[in-house]
1. Is it the case that the stretch 3-21 has a residue that's touching a strand residue (DSSP E or B) at 6+ places or on another chain (Cβ under 8 Å), free of Cβ contacts under 8 Å to residues at least 40 places away in the same chain, over 14 Å from residue 58 (Cβ atoms) and surrounded by fewer than 10 Cβ atoms within 10 Å (Cβ to Cβ)?
2. Give just the number: which of (1) touching a residue at least 12 places away in the same chain (Cβ under 8 Å); (2) out of contact with any strand residue (DSSP E or B) (no Cβ under 9 Å at 6 or more places or on another chain) does residue 43 not satisfy?
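Rule-based calculations on the coordinates, nothing more; no lab input. Since we're looking at a predicted model, the values are computed, not measured. Every residue, glycine as well, gets a Cβ built from its backbone with ideal geometry; the counts of neighbours run over all protein chains shown.
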């Protein structure tokens, strides 16, 4: 397996885990795959730190379910 193939396999596995976390609302597993310095930028340009993102992610998914 080449380096590129290994990278693609790693990203594919990570993407599957992200989707599983979203569908099952597995906040703990989602937390484990985020970088410690994770930040997100929303569609309006607002910034959110890791803790706020995880709190919103869990709450919004719970409300939608």
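1. Here is the first cut: in the stretch 3-21, the residues touching a strand residue (DSSP E or B) at 6+ places or on another chain (Cβ under 8 Å) are none.
No, the stretch 3-21 has no match at all.
2. With (1) touching a residue at least 12 places away in the same chain (Cβ under 8 Å); (2) out of contact with any strand residue (DSSP E or B) (no Cβ under 9 Å at 6 or more places or on another chain) applied to residue 43, the lone miss is (1).
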